[in-house]
1. Going by average Cβ density within 10 Å per residue, which order do the peptides 56-64, 17-25, 122-130 take, highest to lowest?
2. Order of 100-108, 71-79 by packing, highest average Cβ count within 10 Å first?
3. What ratio of Cα Rg to 2.2 N^0.38 Å holds for segment 1-67?
4. Go ahead and estimate [θ] at 222 nm for the chain from helices alone: -39,500 (n - 2.57) per DSSP H run with n ≥ 4, summed, over the residue count, rounded to 500.
5. Just give me a number: lysine pairs in the chain, eight or more positions apart or cross-chain, with C-alpha atoms less than 29 Å apart.
6. Report the FRET efficiency, 1/(1 + (r/R0)^6), for Ile102 and His53, where r is their Cβ-Cβ distance and R0 is 35 Å, rounded to 0.05.
7. If you place +1 on the Cβ of every Lys and Arg and -1 on the Cβ of every Asp and Glu, how big does the dipole about the Cα centre of segment 1-45 come out, in debye to the nearest 20?
8. Report, to the nearest 10°, how far helix 54-68 tilts away from the longest principal axis of the Cα atoms in the chain, using its own Cα long axis and a range of 0 to 90°.
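No value in this document is a laboratory result; all are computed from the given coordinates. This structure is a prediction, so every number in the text was calculated from the model and none was measured. Quick reminder, even Gly has a Cβ in these numbers, built from the backbone with ideal geometry, and neighbours come from all protein chains shown.
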Amino acid sequence: MLLKPNPENICFGCGGANARGMQLTFEQDDAANKIRGAFRLGPEYQGGVGFIHGGIIAAVLDEVMGKVCRFRGVHAVTAELGVEYLKPVLVNADLLIEGYEIEMNGRNLHIAGEIRDKTGQLLARGKGRFVIIHQKQQGNGRGEKAESK
């Protein structure tokens, strides 16, 4: 299922209502319980000349990992985020991103994310701890509006 930017959401990473945001689109793979994306980041997101800023790399990993919470049918917020920068992420490079759950302990979801180039070379990876703030009434992860319990 394609997860397009919501035109009513102002989120910097995935919102469609933020003209300065990245407006990232992801794909939800229900069979594998993974969130994936394929995109390019332009020069407006660079740090050093020709390289994507490290904070933007962290934001992209946070976005894909946050989307993984959909499989549990919960709303969760980032409590901890760690990033390993393995290779430079080049401006305008074709990037592949993936997020998946590692484990759940109580209200804590431990999630991993990876950014690769089009050849599959791992450029950056992250791990995050997301704290569940409430369950969705309908835990289908399909984007329908749900009320909290």
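1. Numbers: 56-64: 22.0, 17-25: 15.3, 122-130: 19.9.
The most tightly packed comes first, giving 56-64, 122-130, 17-25.
2. Numbers: 100-108: 12.6, 71-79: 16.3.
Going from most to least packed, we get 71-79, 100-108.
3. On the way: Rg = 12.4 Å, N = 67, 2.2 N^0.38 = 10.9 Å.
After normalising by residue count via 2.2 N^0.38 Å, the value is 1.15.
4. Numbers: 1 runs with 15 residues, N = 149.
Helices in the chain give a 222 nm mean residue ellipticity of -3500 deg cm²/dmol.
5. Lysine pairs satisfying the spacing and distance rule in the chain number 29.
6. Values: r = 26 Å, r/R0 = 0.75.
It comes out at approximately 0.85.
7. Working: 5 positive and 5 negative charges, 26 e Å.
It works out to roughly 120 debye.
8. 30 degrees
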